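Read through the structure below, which is laid out as structure tokens, and then see the notes.
We did not get these values from a lab; they are worked out from the coordinates using the rules stated. It should be emphasised that the depicted structure is a prediction, and the values quoted were computed from it without experimental measurement. A quick note on method: Cβ atoms are made from the backbone with ideal geometry, for glycine too, and the neighbour counts reach across all protein chains shown.
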Amino acid sequence: MKIPFILLLIIAVLALPGKGTAAQKIPILIYHSIAEYSGTGSKELYVTPENFEAQMIYLRDHGFTLLTFEQWLDAVNVKKPIFLTFDDGYKNNLNVLTIFQKLQTREFKPRGTIFVISDFIGMPNRLSDQEIKRITDSGLISIQSHTATHPDLTKSEKLTYELKDSREKIEKITGKKVIALAYPYGNTNKRVVSETEKYYRFGLTTTPGPYTSSSTKKERYLLPRTYVTYSTSLKEFAKIIEVQ
């Protein structure tokens, strides 16, 4: 029996790859200090509060939904998902909270994740226990782990301390589960991933580019992140995040 031409045409059209079948691309951004550069440390690891606020306004005005890793599964159901991460737990990350609270509306709820080094909590220029608790209680920022002492985990012989003990110390301060780890320097390997899986649901590298699911078993422990730096213009920022 011959198949009618119109039926063949319909089958052919349905078989064509469409926009809806494209793999979802999710930007995960990495920041460090949100402050004016004072001459200490690497200038490129700073983003001024003015520039950061402009970037957040861009996200708001262009329909992005900011998420934390507790909301990972929501990413497939929201408009233009994006994750903002801040490494090292600098005291100037309080500027993030201030800007989030300033911009928050009923329609726009900014969110982010600060990865703290647990043994550095309370040191000069680092967030204190009380500040971490205040940030957590805001409901806008999640506090997660950047290990206990910030070593290169691929060379460390103290992975239990760096991973498990760090998680437990942060959880005691925040009263909430710690589920994500940012690898210091972005360095990881099979051994580190295997140990990370014991204590966390996510592991973040510094490999640039948006996250696209490959449906592989380890992909959530090799999440890419793209730097936003002192010299990143708003035009460049838009290019980084407009990947969908």
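If one takes the longest principal axis of the Cα atoms in the chain, at what angle in degrees, from 0 to 90 and to the nearest 10, does the Cα axis of helix 190-199 lie?
80
Need one number: % antiparallel among DSSP beta bridges in the chain, to the nearest 5. Walk me through the intermediate numbers first.
Values: 3 of 28 bridges.
Looking only at bridges with both residues in the chain, the antiparallel portion is about 10 percent.
Report ³J(HN,Hα) in whole Hz for each residue of the stretch 55-66, in order, from the Karplus equation J = 6.51 cos²θ - 1.76 cosθ + 1.60 where θ = phi - 60°; Gly and Pro get x.
5, 5, 5, 4, 4, 4, 6, 10, x, 7, 10, 8
Note down the magnitude of the dipole of the chain about its Cα centre, charges +1 on Lys and Arg C-beta and -1 on Asp and Glu C-beta and zero elsewhere, to the nearest 20 debye.
It comes to approximately 780 debye.
I'd like the Karplus ³J(HN,Hα) series for the stretch 112-129: coefficients 6.51, -1.76, 1.60, θ = phi - 60°, whole numbers in Hz, and an x wherever there's a Gly or Pro.
Listing the rounded values in order: x, 10, 9, 9, 9, 8, 4, 6, 9, 4, x, 6, x, 6, 10, 4, 8, 3 Hz.
Please report, largest first and rounded to whole Å, the three semi-axes of the ellipsoid equivalent to the stretch 49-136, where each semi-axis is the square root of five times an eigenvalue of the C-alpha gyration tensor.
With the √(5λ) rule applied to the stretch 49-136, the semi-axes are 25, 15, 10 Å.
Which order do peptides 158-169, 226-237 fall in by mean Cβ count within 10 Å, highest first? Please list the in-between numbers first.
On the way: 158-169: 18.7, 226-237: 14.3.
Order by mean packing, descending: 158-169, 226-237.
Label points 7 Å out from Cα along the Cβ direction at Val243 and Asn189: separation in nm?
2.7
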